[in-house]
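Shown next, in structure tokens, is the structure this report addresses.
The values are calculated or read from the model by the stated rules, or taken from the named source; none is laboratory data. Predicted, not measured: the structure shown is a model, and the values here were computed from it. As a convention, Cβ positions derive from the backbone with ideal geometry for all residues, glycine included, and neighbour counts pool all protein chains shown.
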Amino acid sequence: MHDFSRMIEMPFVDQPASASDFPRGVTTENFVRVLGYRVHDVTLDETVHLLTRMVLSGRPHHIMTINPEFIMIARVDDKFHAILSCASLVIPDGVGILWASRVFGKKIRQRVTGIDTVNQFAQIARDRGFRLFLLGAGPDVAKRTAEILQEQHPGLCIAGTYEGSPGVDEEEEICRRIEAARPHVLLVAFGAPEQDLWIARTASRLGIPVAMGVGGTFDFIAGIAKRAPFWVRQFGLEWLYRLIQEPRRWRRMLRLPKFALAVLKERLLGK
């Protein structure tokens, strides 16, 4: 059992960034528009470098890991549309996003999943002394995720974990816990669109350098959900693998053909 209360007392790190810390060309100016929304053309390594730079800046940033479902929600939800349109970094987590970029003739180089980002960034966070706060998922899932990340990256500082919910009635308690922990990075696993609506609603109060919605990432790291085998992911069939595991997701999956039709329609109309 890890003593998270002890970790909260650790001081803020303040490490200046230098040009040598980051490879040239790694910038949020590189993006592709998919149905009008920016999706950044970044690799996993570049994403981790950008997150590091954002933490070191000390300024708040909202990171979104999107798939076709996000875009279809944004097209009918004004609040989510506004959030997706102005996010600091929009990571291409979803094979449908890569397919759409090819249809529009501007290929995104790599799919960058939330779980891969968290796993790789945890190493950087350990080395630089960044503190992480894990929010959301089911009972004890965030806590178990924290334990596994610390086992994999000895010395990683988890400032706190809390199951919570995206409901407004619990917002004050959650914010109080996070403010006491003073994390550099907040990972929120409430699912879409709730996690990003919550981040946007509390961003000005919390002022955390990096707040990132991670969907089901905690479930995968904690072993609650089983990730698709590598060959399934390579063929872009992870969505089918998850549907077989969780048949209740079928209603959500109906957004996929709607997304494909919208992409093809826009391509044919030459927009």
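For the reader, a short list of remarks on this structure follows.
- Subset of segment 40-73 [in a helix (DSSP H, G or I), hydrophobic (A, V, I, L, M, F, W, C) and over 17 Å from CYS86 (Cβ atoms)]: LEU44, VAL48, LEU51, VAL55, LEU56, MET72
- Residue in segment 88-95 that is farther than 14 Å from THR43 by Cα and touching a Ser or Thr at 6+ places or on another chain (Cβ under 6 Å) present: no
- Being crowded, with 18+ Cβ neighbours inside 10 Å and at pLDDT below 95 is a condition met by no residue of segment 37-53.
- Test for GLY164: is it on the phi > 0 side of the Ramachandran plot, in contact with a strand residue (DSSP E or B) (Cβ under 7 Å, 6 or more places away or on another chain) and either buried (at least 22 other Cβ atoms within 10 Å of the Cβ) or among the polar types (S, T, N, Q) (or both): no
- Qualifying residue in segment 178-187 (condition: over 18 Å from VAL214 (Cβ atoms) and not charged (D, E, K, R)): yes
- Condition check for GLU171: free of Cβ contacts under 8 Å to residues at least 60 places away in the same chain, within 20 Å of PRO193 (Cβ to Cβ), buried (at least 16 other Cβ atoms within 10 Å of the Cβ) and in contact with a Ser or Thr (Cβ under 8 Å, 6 or more places away or on another chain): yes
- Checked against the criterion of being of a type in the set (A, V, I, L, M, F, W, C) and touching a Pro at 6+ places or on another chain (Cβ under 7 Å), the candidates ILE63, ILE108, ILE71, ILE124 yield just one match: ILE108.
- Considering GLY129, GLY94, GLY138, the condition of being of a type in the set (Gly, Ala, Ser), surrounded by fewer than 24 Cβ atoms within 10 Å (Cβ to Cβ) and over 15 Å from HIS184 (Cβ atoms) is satisfied by GLY138 alone.
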